[in-house]
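Input: a single structure, listed below in structure tokens.
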Amino acid sequence: MVLYLKLFLLHFIFVLCGEKNASLVLPPRSPCNKCNQSKLNKAQNHSCSPPNDFSYGEGPTGPDNWPAMFRTCDGDKQSPINIDMSNLRRQRAGALDWSPAYFNTPKKMTLTNVGHRLVLRANYPDDCQPRLRAGILQKVYTFKAIDFHWGSTNSKGSEHTVDEYAYPMEMHVIHTSGVEFSNLQTVVIAYFFQIGEKRCTSIDKILEVFTKAVRHPNRPIKLRHPFSLSSLLYAFASEYITYEGSFTVPPCQEGVKWIIYPYPLEISLKQLEKFRLVCKYARDLVNNYRPIQPLNNRCIHFVS
């Protein structure tokens, strides 16, 4: 009922392009809880992190130096960005179409520590791949992988921000069509997570192999209990934010269409704390978010 009320209100808080824009009102945000910062401060950087050409935070390989290390990180359409809810432009489009495979359990799922993030992959038959089409999309896009970005406290972790507010976790669902990274051939669906009382059962299934995946970098670890992608993400048809940007990790290739679901999903504090405890084995996996990039006159659209 709450979701229907939110969607009903959205039709009244925006006006057409060229007229004065109005703000999108999101659900109340979770209050910041105290984090166990001492564990992070005492964490040792064990051998569970494979060597990377870049890193997060300060230092010679940190985000401030990525443009010097990777020329494509210095483009005009970089991600992530801050989403100014008072400056969205309205765009009308048909409903996004999620293929039935999103609602089916794959034969196999794996979790891999690639050094700077954890990547979830799912194996489907070639003729039954999860595919996304319609809406604002001109082509059919096939699911490739999911990765996660999170922080050491409840006040940071997401890569995108909403009115300069950061959520504690952001999930990217990556899709491609044709040649990756060119001419908007990549679509990334982004979801925010906020702390709530409800546990996400799919997150629990990821956490079953979480520590093993972290301790064995670049080795895909098979999930004991695969799950449908729809049980982790929300297959929305409309009411989303979109803009043109880049990947948020080097080499930061542009040509990415971002679709951001503005309503945060829930993760329990205990589940999120398990993500944060990874710092005992691989510090690079915590606070793995890129700083906000300039908008550079790009338009951000709200699609209904």
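Please give the contour-minus-distance gain from ASP84 to VAL114: 0.36 nm per residue of separation, less the Cα-Cα distance, rounded to one decimal in nm.
In short, 7.6 nm is gained.
So which trypsin sites (Lys or Arg not before Pro) in the range 217-304 end up in coil per DSSP with only 16 or fewer other C-beta atoms within 10 Å?
The qualifying sites are ARG224, ARG298.
Which order results if HIS216, HIS172 are arranged by neighbouring Cβ count within 10 Å, fewest first?
Ordered from fewest to most neighbouring Cβ atoms within 10 Å, HIS216, HIS172 come out as HIS216, HIS172.
Using only the Cα atoms of the range 85-124, build the gyration tensor, take square roots of its eigenvalues as a ≥ b ≥ c, and label the shape rounded, prolate or oblate: rounded if a/c is under 1.5, else prolate if a/b is larger than b/c, else oblate.
Verdict is oblate for the range 85-124.
Taking R0 as 22 Å, what FRET efficiency do you get between GLU273 and LYS212 from their Cβ-Cβ distance, rounded to the nearest 0.05?
Step by step, r from the Cβ atoms, then E = 0.75.
Can you put GLU197, GLU239 in order of Cβ neighbours within 10 angstrom, beginning with the fewest?
GLU197, GLU239
Ranked by Cβ crowding within 10 angstrom, fewest neighbours first, how are MET109, MET69, MET169, MET85 ordered?
Least to most surrounded, the residues fall as MET69, MET85, MET109, MET169.
Rounded, prolate or oblate: which fits the range 46-303, taking a ≥ b ≥ c as square roots of the Cα gyration tensor eigenvalues, rounded meaning a/c under 1.5, else prolate when a/b beats b/c?
Rounded, because the longest to shortest axis ratio a/c is under 1.5.
Could you calculate the FRET efficiency of ASP53 with ASN104 from 1/(1 + (r/R0)^6), where r is the beta carbon distance between them and R0 is 41 Å, rounded to 0.05?
The pair ASP53/ASN104 has a calculated efficiency of 0.65.
Would you mind getting me the FRET efficiency between GLN91 and LYS139? Use the beta-carbon distance for r and R0 = 22 Å, nearest 0.05.
0.80
If you average the sequence gap of Cα pairs under 8 Å that are 6 or more apart and divide by the length of the range 133-241, what percent do you get for the contact order?
This gives 18 percent for the range 133-241.
Could you give the length gained on full extension between ASP74 and THR61, defined as 0.36 nm per residue of separation minus the Cα-Cα distance, in nm?
Separation in residues times 0.36 nm, less the Cα-Cα distance, equals 3.2 nm.
Express the Stokes-Einstein translational diffusion coefficient of the range 63-206 in µm² s⁻¹, to the nearest whole number, given a Kirkwood radius over alpha-carbon pairs, 20 °C and a viscosity of 1.002 mPa s.
Diffusion coefficient, whole number: 123 µm²/s.
Every read-out reported here was derived from the displayed coordinates using simple, explicitly stated rules and does not represent laboratory data. Computed from a predicted model, the values in this text were never measured in an experiment. A quick note on method: Cβ atoms are made from the backbone with ideal geometry, for glycine too, and the neighbour counts reach across all protein chains shown.
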